[in-house]
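Colleague: This is the structure, below, for whatever I ask next.
Quick note: the coordinates plus some simple rules give every number you see, no bench work behind them. As the structure is a computational prediction, the values presented were derived from the model and not from experiment. We place every Cβ from the backbone using ideal geometry, glycine too, and count neighbours over all the protein chains shown.
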């Protein structure tokens, strides 16, 4: 077995599957005895299937929904609420990265939070620079910042080729949520 080295992993692109891939990686890590934390920067107030799964996995696989939900077309007070939630999520990440409690932390939709100005890219780059050497960090979301991509060890871009939504098929339980 090779020596463990914490990686910075990015899942980005306009295709479906960024969070799903990160959660699959987290599940694999959990299966190897790792402690996994998922902090969701955008998702919140919705019952996603992964929340019920994580509850059954126990205290070594934790998902924290810290977002306010969909951000697109938000303005004024709604945007302020998203901003505050993202700041709280970033503070939680800063605490947890250095807590020595986790082997992998997934920052779900953080790339989107950076794109919409909810989280400064400089703060994310500082976290990546200072992360403990054995900690794996996984960052998901569309439109990953070029500086984050440059800092990452592994980057995967999901590309949409076909999506049922374009045929009028609504989001499906077990697939999208």
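Colleague: Give the order of 88, 109 when sorted by the count of other beta carbons within 10 angstrom, beginning with the fewest.
Modeller: Result, fewest neighbours first: 88, 109.
Colleague: Between the stretch 7-58 and the stretch 154-177, what is the C-alpha centre distance in whole Å?
Modeller: One Cα centre to the other: 16 Å.
Colleague: Right, next: So for the stretch 8-160, averaging the separation of alpha carbon pairs under 8 Å that are six or more residues apart and normalising by length, what relative contact order in percent results?
Modeller: Averaging sequence separation for qualifying contacts and normalising by length gives 40 percent for the stretch 8-160.
Colleague: Largest first, please: the extent of the C-alpha atoms of the stretch 8-160 along each principal axis, to the nearest Å.
Modeller: So the extents along the principal axes, rounded to whole Å, are 44, 34, 34.
Colleague: I need 165, 112 ordered by Cβ neighbour count within 10 Å, fewest first.
Modeller: So the ranking, lowest neighbour count to highest, is 165, 112.
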